[in-house]
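Everything on this sheet refers to the single structure shown next.
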Amino acid sequence: MQPIISVSGLSKTYAGGFQALKGVDLDIRKGEIFALLGPNGAGKTTLIGIICGLVNATSGTVIADGHDIVRDYRAARTKIGLVPQELTTDSFETVLATVKFSRGLFGKSPNPAYIEKILRDLSLWDKKDNKLRTLSGGMKRRVMIAKALSHEPRILFLDEPSAGVDVELRRDMWLMVRALRDSGVTIILTTHYIEEAEEMADRIGVINKGELVLVEDKDVLMRKLGKKQLTLQLREPLAAIPAALAGEPLELSADGAELVYSFDAQSEETGIADLLKRLGEQGVDFKDLRTEESSLEEIFVNLVKAK
Ligand SMILES: Nc1ncnc2c1ncn2[C@@H]1O[C@H](COP(=O)(O)OP(=O)(O)OP(=O)(O)O)[C@@H](O)[C@H]1O
Ligand SMILES: [Mg+2]
């Protein structure tokens, strides 16, 4: 299937000489939720800014829904909705007027029923006559989402959508994002919340220091890297792993008090029963055991740390 967004060889060097993006290649699939994870300053907002036409790339190309974002800027831009990271809603306008105006900017004819629906979906309908300055931060962020959706875009960028939004509203927002995806909108979000990427995304990209270091289906990623560990607290410390168990994925802690066995959480046979039997045969006794699963968080921290 044709990707809905195709980014090739994208680089950005800012005026001061700082290289924020280094040859990024990325295809976004139609109808997916793609989460872009990365630490502060990784280049997430820069990448989104280029795709949305707010930042000029130094080199490389972006095609959005068949339109080159530079040569065919207006056509590309109408397909895209952007919820920016920075809130710019310090105005005397009302919620309703702001969202209607946004739609008008894209040359779309008025559609009061549609505007009402998005305001209701975002729990903003009862605030429709409020001036933006009187809203809380979380409400302002939701107004930004309403504005971004006002012209019925096919692609929605959410740059840190959860920043400043409380837990309950975040849940509502996730539900809404899923409903949008189900209605055919492609969604690209950036987040610092691993939990959000893990829960929401179909695919995950990790960006670090301007380079895309990983792009993977979330499920594949979780399976590939979702290793489990069984830790046995030994009754008597061991000086070394018994020779009869050499070759097993075992590690002994520095003090010899814990034996750690790594296994694939997804496989049918973990080998644990066999391991325990063989340990028994070697006279290795343990007082307690626990299992741990490496999370996306660890995977992420390791990827970013490795650089
Ligand atoms: N207008 C600018 N001029 C110079 N440098 C910039 C400019 N905008 C961003 N940068 C730099 O480019 C790098 C990437 O910034 P960017 O905002 O894309 O990161 P980010 O991944 O969105 O970070 P965060 O998670 O903090 O939002 C940073 O080092 C930043 O200081
Ligand atoms: Mg950012």
query = Using helices alone, what [θ] at 222 nm do you get for the chain, with -39,500 (n - 2.57) per DSSP H run of 4 or more residues, divided over all residues and rounded to the nearest 500?
reply = -9500 deg cm²/dmol
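Run the dipole for the chain about the Cα centre, Lys and Arg Cβ at +1, Asp and Glu Cβ at -1, nothing else charged, and hand back the magnitude in debye, nearest 20. Let's see the in-between values first.
Values: 41 positive and 45 negative charges, 387 e Å.
It comes to approximately 1860 debye.
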query = Fully extended, how many nm does the chain gain between Lys305 and Asp68 (0.36 nm per residue separation, minus their Cα-Cα distance)?
reply = 81.8 nm
task = Report the FRET efficiency, 1/(1 + (r/R0)^6), for Asn111 and Ser59, where r is their Cβ-Cβ distance and R0 is 45 Å, rounded to 0.05.
result = 0.70
ask   = Label-point separation (nm) for Ala257 and Thr291, each offset 7 Å from Cα along Cα-to-Cβ?
value = 2.5
request  = Keeping every protein chain in place, order Ser59, Ser162, Ser109 by accessible area at 1.4 Å, biggest value first, i.e. largest first.
outcome  = Ser109, Ser59, Ser162
note = So the compactness index of the chain, its C-alpha Rg divided by 2.2 N^0.38 Å, takes the value 1.27
Entries in Lys79/Lys100; Lys79/Lys131; Lys108/Lys131; Lys12/Lys209; Lys100/Lys147 that, when Cα-Cα distance is taken, lie over 19 Å = Lys79/Lys131; Lys108/Lys131
Phi to ³J(HN,Hα) by Karplus 6.51 cos²θ - 1.76 cosθ + 1.60 over region 64-70, Hz, x for Gly, Pro = 10, 6, x, 10, 5, 5, 9
message = Looking at region 33-190 only, what percent of DSSP beta bridges run antiparallel? Nearest 5 please.
response = 20
Estimated FRET transfer efficiency when R0 is 45 angstrom, pair Ser11-Glu269 (beta carbons, to 0.05) = 0.45
Amide H contacts of His67 (H built 1.01 Å from N, under 5 Å, at least 5 apart or other chain) = none
remark   = So the angle from the long Cα axis of helix 137-149 to the longest Cα principal axis of the chain, reported in degrees to the nearest 10, equals 70
Spin-label pair Gln19/Thr231, simplified geometry with 7 Å Cα→Cβ offset, distance in nm = 4.0
remark   = Helix 272-281 sits off the longest principal axis of the Cα atoms of the chain, rounded to the nearest 10 on a 0 to 90 degree scale, by 20
message = Suppose every Lys and Arg Cβ carries +1 and every Asp and Glu Cβ carries -1, with no other charges. What dipole size does region 227-305 come out with about its Cα centre, to the nearest 20 debye?
response = 100
remark   = Placing +1 on each Lys and Arg Cβ and -1 on each Asp and Glu Cβ in the chain, then taking the dipole about the Cα centre, the residue among Ala75, Gly164, Gly60 whose Cα reaches farthest towards the positive end is Ala75
request  = Note the full-extension length gain between Ser136 and Asp182 as 0.36 nm times their separation in residues minus their Cα-Cα distance, in nm to one decimal.
outcome  = 13.7 nm
key: Amide H contacts of Leu156 (H built 1.01 Å from N, under 5 Å, at least 5 apart or other chain)   = Gly81, Thr186, Ile187, Ile188
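The values are calculated or read from the model by the stated rules, or taken from the named source; none is laboratory data. Please read these numbers as outputs of a predicted model, since none were measured by experiment. Here the Cβ is made from the backbone with ideal geometry for all residues, glycine too, and neighbour counts use every protein chain on show. Side chains are part of the model used for accessible areas, which takes the heavy atoms of the whole protein and leaves out ligands, DNA and RNA. Shrake-Rupley method; radii C 1.70, N 1.55, O 1.52, S 1.80 Å.
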